[in-house]
Structure formats: structure tokens, C-alpha cells
Amino acid sequence: MKHYEVEILDAKTKDKLCFLDKVEPNATIGEIKSMFHRSHPQWYPARQSIRLDPKGKSLKDEDVLQHLPVGTTATFYFRDLGAQISWVTVFLTEYTGPLVIYLMFYFRVPFIYAPKYDFTTSKHWVVHLACMCHSFHYVKRLLETLFVHRFSHGTMPLRNIFKNCTYYWGFAAWMAYYINHPLYTPPIYGEQQIRIALIIFLFCQIGNFSIHIALRNLRPPGSKTRKIPYPTKNPFTWIFLLVSCPNYTYELGSWLGFTLMTQCLPVAFFTLVGFIQMTVWAKGKHRSYLKEFRDYPPLRSPILPFVL
Amino acid sequence: MASSEEDGAAEEKENNNKKRTKSALATAWLTFYNIAMTTGWLVLTLAMMRFYVEKGTHKGLYRSIARTLKFFQTFALVEVGHCAIGIVKTSVIVTGVQVCSRIFMVWFVTSSIRQIQNEESVILFLVVWTVTEITRYSYYTFNLLNHLPHFVKWARYNFFIVLYPLGVIGELLTIYAALPFVRRSGMYSMRLPNKYNVSFDYYYCLIIVMLSYIPLFPQLYFHMLRQRRKVLHGEVIVEKDD
């Protein structure tokens, strides 16, 4: 069996960082990353970007050496992706924050509102309902992170956790401050408004969960395969006929419900910002579906049926 | 076979023609825009000088030029559009931040809080802004006309070193002077309870704006310094070759 020689150069300086001889032809990029890690312990595999071209795309861990367009002496370029943190860790941290922070405002922990209100409870029942909904939403997200989601990437850059937590925790505090405020004004249309809002919220929570389960079932455990999602027996997944990323559609719906329930401008603002971000993500995902699958259903829109 | 090749070539020619027309159109518009803005800020400068010469004081000067200032400063918003559609190769965010901070000063501080319009700090930032803008817009104009006098280029990349910090001082002093009047009048503010369940205190908003100069100003300043090094440094190399 003919062995390969692999040399790894720095993508920016073109310095020779590592030379590996007697590499098996069927070695994967992942294995090469481990070998590189041994000679440079500060660059663990998750922060290595290995590419054929200094400015090209990163090669995947699953790519096999002999199937790449390289000679028996292969030259790869390395880029440091920076300190990495696992997706699971980021999700757990960014979702636990809002859960805890909202409850602190709900229970009117001292130093938030005037001292005479410390540890009092709101006289409006919608405030209690809102707390339950908000808490339920984030508990659901935590459980999904632990038991449902199957992540394509193991890690993301470390600075993301600061950015993401600022967003989630900051907005949670801003919303919770007003909803649990002693001078909170309940919805104008009273019980009717709250009931409709609750129905929308619950419907979309179940919908969002159904989509997450459907997406999980597309992918066997431990794999990173990508398939076109289709409607299943669960009616909440039938929206796949019209939309590529119904999880975002349902998420938008949930927050619209919560906005209606609380009639709070900061909540509306949070819903809007989230919607903008999810639309960007949905459009990207829709585009990659179209690129990867020739037979992708043409009727589907990224996030809003027929509209967006 | 041959006819489809011709069709392909004809289509490519048509696309190239479209691109050329678009860039000719863009250049024409940008030239017009920059000449107009240079003129506008020149007019402002002349109005300011005339007022001071005639009245001998700066009191009432802001009021006299407020409308012209509002017009030309607000119109600068189109520059964000220029970056967004790509006819100007600058970052949308950098341009956006700069134009928004100017618009904020004009509309939400100086024009709306009458009691501070006669402050000296207002004159300070007005002078800084007029010199900066005349230099900048005439630089762009000459550049587009491919006839850039050395002095204009020198001014554009050196004046800011002093003008930027002076402008910041003028702006910050003005906002600081406005604070007590904002607090007393409660302008632009919303208190609880209300049906939107939100509150907004313009007084604290202004304080946050002042604090935001701390991270933002160095970034913009160093961006300009880097641009300066790139543009003037390139010039040095050419001279060496000669």
C-alpha cells in the first residue's frame, strides 16, 4: 500500500508547521487533525481549519485523503479558528440565563423595584400565566438541547457565548422588568386577548417541538447526514409542505402569542429582532437545501408560506 | 452551434454594456451628489461667517442656519445607501454610525433643546463639521473627476487628526449642557403605567449616548488613521520608484 506524505502549512505565513510521513491513503481529515494536534498541543482538532487552498473552504473531517485532489505528497493549509466551545454548552448557558433571570423579576427580588414591593406578587393573573409560559419555553429548550437536537458541528468560536448570552439574558431582563412591574397594565381586551394569545402560544410550542422531533428522526444517532424533511403523520409537521424551516415559523408564532398575552412593547421588539435573525438563518438554510438537492420541493418558502 | 455561440457572445456584450452604463450612471450621480454637498456646506460656512460679522456674537447663529444644516446633514443619509448598493466601497456600518451620530446631534439635541443653542460648544462642533465636510466632499468630487489636487488629499487625511477630537469635545459638551433641561422637561420620555408596558427616560438615554463615545470614537479614529497610512503610505512608495 502506497503511503502518503502530508505537509501542513500556515495559511497566512505559509510556514511549514508539520510534516507527517507514512500516512494511510484512507486516512480521514479528522485523523490528520489528531496527528497535527499531537505536534501542536495548543491547537486541538476542533479549532483547526484544514484546507487545500489558503483562501479556500475548510475540508470536512470525513473527507478521505486518497479521494482528495492531491498527489502522494499532499499540501494542506491550516487556519486557527480560535478557542472553541461546544454548541451544547452554549445553548445550555444561553437558555438557563433567561429562565433564572425572569424568575428573579417575577419574585421581585430586592434592588429591582422599590423596596416596598420586595418579594410581593402581582395582582394580575396574566402575569402568573406569562411566567409559566416563559419558563415552560426555556425549560423546553433546555430539554431539547440535552435530548432532542443532533448538532452538525460540535463547536463554535468562544466569543459567540458572550454575544449570545448578552442577547438572550439582556432581552429576558428587559421584558421581565416590565411584565412583573408593580405598575404593569394588563391587556386592553382582557380575558379574550389572553385566551387567544395562550392558544397561539401553546399551538406553536407543540408545533416547534414536533418539528424538532421530525428533524431529529431524519438523522441516525452520531451521523451528520442531511436529508430533505417531509411532513409526517403528525399534523403539526404538515407545514413542511409550504416552509423549509417551520421550527422558526412556529418560534415566531410562539413569541407573537407571548407579545399578545403580555401586551408589552419590549416583548414585541424581542419578537421582531428574533424574527429578523431567524429569517436570515432560514434563507441560508433554504439556499443550501436548494443547492444540495436537485429535487427540492419548489412550493416551499424559507420561513413564511409564500411570503418570505 | 455557431449561432448559439454568437448569441452567447452577444448576450455577454449586452451584459458588459449594462455594467458600463450602470457605472457611468453611478459616477455621474456621485459627482453631482458630492458637488452639491460641497456647495451646501460652503453655503453653511458663509452663512455662519456672515452672521458673526454682522451681529458680532454667536448668539442666535444656530437658529439662523438650523434649517440649512438640517437639510444637508439629513441628506447625507443617502451615503449609507451608496455603500449598501456598492457604488461606494466603504463599510455600511462605519458610514451608518457616522451619519446617525450627526443626525442625532442635529435633530435630537441641538434643534430640539432650545436652551443650549447658544452654547460655545455648539459653535465648536459646527466649525469642525463644516471644515471636515467641505474637505471630504471636495476630495470625493476631485477624485471622481480624476483630478485630485495634492493639497485636498493632504487635507482630507490630515485635518481629521485634530478635527475629530475637537468635534467630539464640542458634541459631548453640548449634550452635557442639555442634560438639566431634558431632566426638567421630561421630553421624549415615557413613564409607567401605560398600555405598552414600556418606559423610556431620555435623560438616561443621553448619558448612555455620551458613554458610547468611549468605545466608538477610538474605533472610528483608528479606522481613519489606518486609511491615512494606506493612502499616504502608497504615495511614498511611488515617489521612491521615481
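The values are calculated or read from the model by the stated rules, or taken from the named source; none is laboratory data. Keep in mind that this is a model prediction, so the values were computed, not measured. When we count neighbours, we look across all protein chains shown, and the Cβ atoms used for this are built from the backbone with ideal geometry, even at glycine. These accessible areas exclude ligands, DNA and RNA; they are computed on the full protein's heavy atoms, side chains included. Shrake-Rupley method; radii C 1.70, N 1.55, O 1.52, S 1.80 Å.
Per-structure values
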quantity: Failed item, numbered, when residue A:158 is tested on (1) open to solvent by less than 70 Å² (accessible area, probe 1.4 Å); (2) touching a helix residue (DSSP H, G or I) at 6+ places or on another chain (Cβ under 8 Å); (3) of a type in the set (A, V, I, L, M, F, W, C); calculated: (2)
quantity: Near pairs, Cβ below 9 angstrom, 6+ apart or cross-chain, from region B:139-168 (surrounded by fewer than 17 Cβ atoms within 10 Å (Cβ to Cβ)) to any residue that is in a helix (DSSP H, G or I) and of a type in the set (Lys, Arg); calculated: B:143/B:153; B:158/B:228; B:161/B:228
quantity: Residues located in region A:274-292, provided they are β-branched (Val, Ile, Thr) and touching a helix residue (DSSP H, G or I) at 6+ places or on another chain (Cβ under 8 Å); calculated: A:279
quantity: Residue that is farthest from residue A:181 (Cα to Cα) [pool: residues in region A:287-303 that are without any contact (Cβ under 8 Å) to a residue 40 or more places away in the chain and part of a helix (DSSP H, G or I)]; calculated: A:291
quantity: Region A:51-82: number of residues that are open to solvent by less than 40 Å² (accessible area, probe 1.4 Å) and either assigned to a loop (DSSP other than H, G, I, E, B) or hydrophobic (A, V, I, L, M, F, W, C) (or both); calculated: 11
quantity: Which numbered condition residue A:241 misses (of (1) within 19 Å of the chain's Cα centre (by Cα); (2) exposed (fewer than 15 other Cβ atoms within 10 Å of the Cβ)); calculated: (1)
quantity: Residue match in region A:98-105 (condition: within 14 Å of chain B (Cβ to nearest Cβ), open to solvent by less than 50 Å² (accessible area, probe 1.4 Å) and over 23 Å from the mean Cα position of the chain (by Cα)); calculated: yes
quantity: Residue within region A:68-79 that is among the charged types (D, E, K, R), out of contact with any helix residue (DSSP H, G or I) (no Cβ under 7 Å at 6 or more places or on another chain), farther than 13 Å from residue A:8 by Cβ and in contact (Cβ under 8 Å) with a residue 24 or more places away in the chain present; calculated: no
quantity: Residues of region B:189-238 satisfying the condition of being of a type in the set (Val, Ile, Thr), without any contact (Cβ under 8 Å) to a residue 24 or more places away in the chain and more than 14 Å from chain A (Cβ to nearest Cβ); calculated: B:214, B:236, B:237, B:238
quantity: Region B:93-130 - residue that is under 17 Å from the mean Cα position of the chain (by Cα) and open to solvent by 60 Å² or more (accessible area, probe 1.4 Å) and, of those, nearest to residue B:181 (Cα to Cα); calculated: B:108
quantity: Matching residues in region A:148-185 - criterion: being within 13 Å of chain B (Cβ to nearest Cβ), touching a residue at least 24 places away in the same chain (Cβ under 8 Å) and among the aliphatic types (A, V, I, L, M); calculated: A:175, A:176, A:179
quantity: Flag for residue A:233 being open to solvent by 70 Å² or more (accessible area, probe 1.4 Å), touching a Leu at 6+ places or on another chain (Cβ under 9 Å) and free of Cβ contacts under 8 Å to residues at least 40 places away in the same chain; calculated: no
quantity: Candidates A:48, A:42, filtered to the one that is open to solvent by 60 Å² or more (accessible area, probe 1.4 Å) and under 29 Å from the mean Cα position of the chain (by Cα); calculated: A:42
quantity: Selection from region A:216-263 of residues that are within 14 Å of another protein chain (Cβ to nearest Cβ) and either β-branched (Val, Ile, Thr) or at negative phi (or both); calculated: A:258, A:259, A:260, A:261, A:262
quantity: Candidate set from region A:195-215 (those that are in contact with a Ser or Thr (Cβ under 9 Å, 6 or more places away or on another chain) and within 30 Å of residue A:118 (Cβ to Cβ)); member that is farthest from the other protein chains (Cβ to nearest Cβ); calculated: A:201
quantity: So residue B:134, is it open to solvent by less than 50 Å² (accessible area, probe 1.4 Å), β-branched (Val, Ile, Thr), closer than 24 Å to residue B:26 by Cα and touching a residue at least 60 places away in the same chain (Cβ under 8 Å); calculated: yes
quantity: For residue A:14: the one exception among (1) at negative phi; (2) open to solvent by 30 Å² or more (accessible area, probe 1.4 Å); calculated: (1)
quantity: Among the candidates B:45, B:27, residue that is assigned to a helix (DSSP H, G or I) and open to solvent by 40 Å² or more (accessible area, probe 1.4 Å); calculated: B:27
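Yes/no matrix, rows are residues, columns are (1) within 22 Å of residue A:102 (Cβ to Cβ); (2) at pLDDT below 95; (3) in a helix (DSSP H, G or I); (4) in the same structural domain as residue A:231 (by the TED database):
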residue: A:266; (1), (2), (3), (4): yes, no, yes, yes
residue: A:273; (1), (2), (3), (4): yes, no, yes, yes
residue: A:285; (1), (2), (3), (4): no, yes, yes, yes
residue: A:305; (1), (2), (3), (4): no, yes, no, no
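So that you can scan it fast, the table gives a plain yes or no per residue for (1) under 22 Å from residue A:147 (Cβ atoms); (2) modelled with pLDDT of 95 or more:
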{"position": "A:208", "(1), (2)": "yes, yes"}
{"position": "A:227", "(1), (2)": "yes, no"}
{"position": "A:230", "(1), (2)": "no, no"}
{"position": "A:257", "(1), (2)": "no, yes"}
